[in-house]
1. Given the structure, is residue 150 modelled with pLDDT under 95 and under 15 Å from residue 112 (Cα atoms)?
2. Scan segment 12-23 for residues that are buried (at least 17 other Cβ atoms within 10 Å of the Cβ) and either under 21 Å from residue 77 (Cα atoms) or modelled with pLDDT under 95 (or both) and jot them down.
3. Just need a number here: residues in segment 30-63 that are at pLDDT 95 or above and in a loop (DSSP other than H, G, I, E, B).
4. Counting just the residues of segment 160-183 that are outside any helix (DSSP H, G or I) and touching a residue at least 40 places away in the same chain (Cβ under 8 Å), which one comes out farthest from residue 145 (Cα to Cα)?
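The values are calculated or read from the model by the stated rules, or taken from the named source; none is laboratory data. Please read these numbers as outputs of a predicted model, since none were measured by experiment. Ideal geometry is used to build each Cβ from the backbone, glycine not excepted, and the neighbour counts take in all protein chains shown.
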């Protein structure tokens, strides 16, 4: 089995990154070889360091030390892609990464960038998906792992899982319930891709096919 070299992009605390490090890193031919963040103060960078994984920040915010691309998202994303290509990354995982990637970045990793989103897409894409769902009054919430395209949470769905909540107390309450589902679903997809079990239906280009284990 050819090893799958994985990179994780994260903006915040990095709990999904930690799930990947705890459950798939160094197993079944899966190796996390890099962690990138758009924030120098992201806790995800600390998690990577503790796991011995190389990490870097590509922060566009004004006044950041070592600023290399002041306000230029395309230049930042190009530099990130080059950093990952240099490390021969085969799968990019967006794990709470709060930026839309430039198409130039995606061109380097065709059908090899995935994202976890806290809603049952195509419902409630974009920021504050849980808040949107709570405000709408839905009774069924969930998590989606999908391939990333040039839109916002619009790529082909790989896996989804739902929970029914008759009376959610708050967005925070729902998020607490969805977080373990995010961790499990995301790591499951990484393992499926590493095992070569994820492909596309040639008759329906947006339909992802998951084959049974050999």
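1. Spelling it out, residue 150 is indeed modelled with pLDDT under 95 and under 15 Å from residue 112 (Cα atoms).
2. Across segment 12-23, the qualifying residues are 12, 14, 17.
3. Residues flagged as at pLDDT 95 or above and in a loop (DSSP other than H, G, I, E, B) within segment 30-63 amount to 4.
4. Among those residues, the one meeting the criterion is 162.
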